Amino acid sequence: MVHVLSSRVLLRPMDPERSRAFYGEALGLEIYREFGTGPERGTVYFLGGGFLEVSGRSETPPAPGLQLWLQVADVAAAHKELTAQRVEVLRPPKKEPWGLVEMWIADPDGVRIAVVEVPEDHPLRYRPGI
């Protein structure tokens with residue numbers, strides 16, 4: 001069995017500075033660490049239980065199937081903040097049939113990001129015996 005100690009998503013954007021502005025400023029992700037110098041330097045952001053590393057450069061956008069899932073405490077507040085930051089909102093918050101409240105946004109390279117709120121009464125919050 002593989003014993004995973006940590007994990008991160010590696011993102012090779014077409015324009016690293018634009019992506020750092022999106023993830024660091026517009027989304028407000030906190031920086032875990034930075035490395036290297038120049039435009040292709042690496043920045044690793046905290047991503048809840050994992051990390052998002054934005055480093056290097058790619059001539060093409062990330063794979064079309066790549067998506068990120070970010071859980072927040074209040075998706076309506078996140079919608080207001082992200083709209084003020086001029087983040088592209090693909091779909092405003094909506095309660096899905098499976099009970100989660102989801103909003104979809106996109107990063108500068110078109111990576112789709114689900115911003116999700118887990119309501120208090122959702123089964124994901126159920127803890128037997130508590």
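For the reader, a short list of remarks on this structure follows.
- Extreme residue, positive dipole direction of the chain, given options SER6, THR43, ALA84 (C-beta unit charges): SER6
- Rounded, prolate or oblate (a/c below 1.5 giving rounded, otherwise prolate when a/b exceeds b/c) for segment 14-56 by Cα gyration tensor: oblate
- Euclidean distance between Cα centres, segment 16-33 to segment 49-88, Å: 9 Å
- The chain - accessible surface per residue (Å², probe 1.4 Å): 64 Å²
- Among the protein heavy atoms of segment 1-120, carbon and sulfur supply 54% of the accessible surface, probe 1.4 Å, non-protein parts ignored.
- Short-range pairs are left out: with C-alpha atoms under 8 Å and at least six residues apart, the relative contact order of the chain is 22 percent.
- The dipole here belongs to segment 8-74: it is taken about the Cα centre, uses +1 on the Cβ of Lys and Arg and -1 on the Cβ of Asp and Glu, and is about 180 debye.
- Degrees separating the helix 75-84 axis from the principal Cα axis of the chain, which is the longest one: 30 degrees
- Here is how the number arises for the chain: DSSP H runs of 4 or more residues each give -39500 (n - 2.57), the sum is divided by the residue count, and the result at 222 nm is -3000 deg cm²/dmol.
- When the square roots of the Cα gyration tensor eigenvalues are ordered a ≥ b ≥ c, the ratio a/c for segment 72-116 is 1.5 or more and a/b does not exceed b/c, which makes its shape oblate.
- Efficiency of FRET between HIS122 and ALA21 - r from beta-carbon atoms, R0 25 angstrom, step 0.05: 0.15
- Gyration tensor (alpha-carbon) shape descriptor, segment 1-89, a/c threshold 1.5: oblate
- Extension gain, VAL89 back to ALA106 (0.36 nm per residue minus Cα-Cα distance, nm): 5.4 nm
- Cα-centre dipole for segment 77-130 with unit charges at Cβ (Lys and Arg positive, Asp and Glu negative), debye to 20: 100 debye
- Accessible surface ranking that places the most exposed of GLU30, GLU96, GLU59 first, with a 1.4 angstrom probe: GLU59, GLU30, GLU96
The values are calculated or read from the model by the stated rules, or taken from the named source; none is laboratory data. Only a predicted model underlies this, so the values are computations on that prediction, with no experimental measurement involved. Cβ atoms come from the backbone with ideal geometry, glycine included; neighbour counts cover every protein chain shown. Protein only, heavy atoms only, side chains kept; ligands, DNA and RNA dropped before computing areas. Shrake-Rupley method; radii C 1.70, N 1.55, O 1.52, S 1.80 Å.
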